[in-house]
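Reading through the structure tokens given below for one structure.
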Amino acid sequence: MGASTPITTRPTAGPVMSTSQLTSGYRARRRPPRVVVPAVDLTVSAGELVTLLGPNGAGKSTLLRTVSGVQPAMSGSVALVGDPLDRLGRMERARRLATVLTERIAVGQLAGYDLVALGRQPHTGWNGVLHQRDHDIVADAIVAVGASHLADRDIGELSDGERQRLMIARAVAQEPAVLILDEPTAFLDVTSRIELGALLQRLAHERGLGVVCSTHDLDLALATADTVWLLDAEADLRIGAPEDLALSGAIGQVFGTAELEFDPERGTFSRRPEVAGFATVTGEGLATRLCVRALTRIGYHADELPEGAAPDVTVVVRDRPVGVEFLVSTQGQNERRCRDLRAVCEHLRAQPMPRTAEEVR
Amino acid sequence: MSVVAPAPAESVTDSPPPVRAPDRRRAALGMAAFGGIALVAFVLAIAVGSVWIPPSDVVSILFGGTSEQTGWEAIVRDIRLPRSITASLCGAGLAVAGVQMQTLFRNPLAGPYVLGISSGASFGVALVVLTAGASGTTGFLAGLGAFGDLGIAVAAAAGSAIVLSLVLLVSRRVESIATVLIVGLMFGQVVLAMTTVLIAGAEPERIQAYLVWSFGSFRGVSWDELWILAPVVVAAGGAVWFTAKHLNAMLLGERYAESLGVDVRRIRRITVILSALLAGVVTAFAGPIAFIGVAVPHLARATLGTVDHRYLLPASALGGAAMALVAEIGAQLPGRAGVLPLNAVTALIGAPVVIWVVVRNTRATAGF
């Protein structure tokens, strides 16, 4: 049996979920209703990985709870594979939409396989007996998320990343058309986060799932998403490919602050230096690039010198048989030979900073 | 770069081991062990008492034979068989209710009595035993005669039903299950306080009678009363079996259960009512029996190695029956010198066993 081919076939194109003028928020007794995200039209197609991006408190979770039917919409509607969400029964909804939540699950004495098998509940009879087809789907889902080695482990003894992986397998075993994940990276370490991004991309592109994943992890979103739903603090929603939103400056606007500057080309934020000088680094290879990085970190403009500017510091990177060597010269001082970048930084920090930030800009 | 044709990332590493469902032999063995212990304890519990009746005679009498000793048949039929059946039913009912509460509240310390069932029952019984009838010692005896065992059972059932209704009423308006737990505990405390007030104003003989009830006992339940106890425990326990699938989903928390298509509010309501029915009827006939309902589910999880309710529920029922029967045997140990308070014996025998199992198998604590 080809383990990596999905057992069920899904439509490979066309919307699996759409909203029309959907307003999410809260109605509480004896309090005025509170709109969190007003009137939005959203579409998720089969095979599309959507990342819902926004700062904490922008209303990401509220929006996701509303599109998955956990929380009633204040107005507007959600359609799930063609049918209005509020007309679907609980079981039918669970067959079309699966959810992975932020919360950690606290169970032991439960094997990874059994956890994933819980995903079959919307498809099984009153006592949840699994037939051969259910077992095939469970095994397939476990293989799909790369968790074969976790199948007979007790989930109480797994790491957060491993458990998250099994929770996603459980969602896949539900055979949904739409997979919704609320902050799946919250408890994960760097490696697990990157692996998770790759996994979600595979599930969307290879299995045709419509995946919606909320996160405030900008790197992950920009590196993997087909579409970004960008929600700013005023609940204004902007939609586009990650690069579109970088180009239009939307991401810089939403996440940038007085201290943070968005670099659209790299897709990363950097701290605006407070005091700085100009530096030139000459040399080749990785050591040179890392040297530029180190100088940037301690406040030098080391990348490309503006026209006509004279460097305050020059560093020559030389590859010697005994190892890399950095020759640092500052204005009016003798050349200093450093064996590593730590020594370079220490030396430069001891010098007075030649210019103010305004001058550099 | 190698010349090998590019393969999908997953198959670059050696092919993953085949994924198979974990086998359930351990669960089946554990269940069989609980059943075996329960069966042996059932016979032994009939054998022990003020007169020792050899187990072989017990078995032959149970299967309709006769014994050489006149009177043994009557003892077995009229006193000890009902006692053993009562112990089995009560142990099973409490253990099943304990599993339900621990899963519902996702709390290892939860048990059949967390929602105030035993406090309600205690208050009902206290009201009848401590205040009914005329004042004076003769009044107490008259009161006991008027109400009798069945009267006490009715009072206990009414008390627990009232507390449970209040808890249900409040919990309908409450979103969070943790709040329901707190409400249950608070109601329990209020009712307990009222019972304390009753005790403070009662005569010593009546307090003595109330205390004896609160020790718990499987003795003195007649065949007529068994005809009430047995159908309720069997029917409620059977109904719990039908919720096993949804209880499994509830292990992941209410939000995950919801996402798997479970009607969480409905399962919550059904679970509370069924567990209250089980704990209520047991308490009505046997008094507030502590420990079994909290301990047996942990014992069962650790033994079976799974939290799957389709195994956990029947295993806990068998384990609960076994522990109740063993406790009853322990209570009879003094022989002619009398009996020990049941609640003391359940804890004295049960606590070391549970500590041993849970510490040896540390996962059991995570397991719940």
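Since every read-out is calculated from the coordinates, none of them should be taken as a lab result. Since this is a predicted model, take the numbers as computed values, not measurements. Cβ atoms come from the backbone with ideal geometry, glycine included; neighbour counts cover every protein chain shown.
What the table shows:
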quantity: Ranked list, fewest to most other Cβ atoms within 10 Å of each Cβ, for B:210, A:113, A:26; calculated: A:26, B:210, A:113
quantity: Antiparallel content of DSSP bridges confined to the protein assembly as shown, in %, to 5; calculated: 60
quantity: Peptide-level mean, for B:18-28, of C-beta atoms on other protein chains within 10 Å; calculated: 5
quantity: Per-pair calculated FRET efficiency, R0 = 41 Å: residue B:174 and residue A:194 via Cβ, rounded to 0.05; calculated: 0.50
quantity: Approximate spin-label separation residue A:309-residue B:263, in nm, with each point projected 7 Å along Cα-to-Cβ; calculated: 6.9
quantity: Estimated FRET transfer efficiency (residue A:286, residue A:243; beta-carbon r; R0 22 Å; 0.05); calculated: 0.25
quantity: Helix axis angle, B:264-286 relative to chain B longest principal axis, alpha carbon, degrees; calculated: 30
quantity: Kirkwood hydrodynamic radius of the protein assembly as shown, Cα pairs, Å; calculated: 30.5
quantity: Ranked by how many other beta carbons lie within 10 Å on average, peptides A:144-157, B:287-300, B:67-80 from highest; calculated: B:287-300, A:144-157, B:67-80
quantity: Debye equation applied to the C-alpha atoms of chain A, log10 I(q)/I(0) at 0.09, 0.12 Å⁻¹; calculated: -0.65, -0.92
quantity: Computed over region B:15-100, Kirkwood Rh from alpha-carbon pairs, angstrom; calculated: 15.5
quantity: Sites residue A:219 and residue A:349, calculated FRET efficiency, Cβ-Cβ separation with R0 35 Å, nearest 0.05; calculated: 0.75
quantity: Cα long-axis angle, helix A:285-297 against chain A (0 to 90 degrees, to the nearest 10); calculated: 90
quantity: Packing-based ranking, highest mean first, of A:171-182, B:169-180, B:81-92, B:225-236 given that Cβ atoms within 10 Å are counted; calculated: B:81-92, A:171-182, B:225-236, B:169-180
quantity: Ellipticity estimate at 222 nm from DSSP helix runs (n ≥ 4, -39,500 (n - 2.57)) divided over chain B, nearest 500; calculated: -23500 deg cm²/dmol
quantity: Region B:206-263 versus region A:133-177: alpha-carbon centroid distance in Å; calculated: 34
quantity: Contact order relative to length of chain B, as percent, for alpha carbon pairs under 8 angstrom and 6 or more apart; calculated: 30
quantity: Percent of alpha-carbon pairs separated by more than 13 Å within region B:234-277; calculated: 50
quantity: Spherically averaged projected area in nm², based on the convex hull that wraps the Cα atoms of chain B; calculated: 24.4
quantity: Per-residue average of Cβ from other chains inside 10 Å of A:163-172; calculated: 1
quantity: Value at 222 nm in deg cm²/dmol, rounded to 500, when DSSP H runs of n ≥ 4 in chain A each add -39,500 (n - 2.57); calculated: -9000 deg cm²/dmol
quantity: Average other protein chain Cβ within 10 Å of Cβ, residues A:111-119; calculated: 4
quantity: Label-to-label distance, nm, for residues given as residue B:226 and residue A:259 (7 Å Cα→Cβ offset); calculated: 7.7
quantity: Taking only Cα atoms of region A:206-282, radius of gyration then Dmax in Å; calculated: 15.3, 51
quantity: Ratio Rg/Rh [Cα only; Rh per Kirkwood] for region A:275-360; calculated: 0.94
quantity: Dipole magnitude of the protein assembly as shown, debye to nearest 20 (Cβ charges: Lys/Arg +1, Asp/Glu -1, about Cα centre); calculated: 1560
quantity: Ascending count of other beta-carbon atoms within 10 Å, so fewest first, for B:52, A:229, B:213; calculated: B:52, B:213, A:229
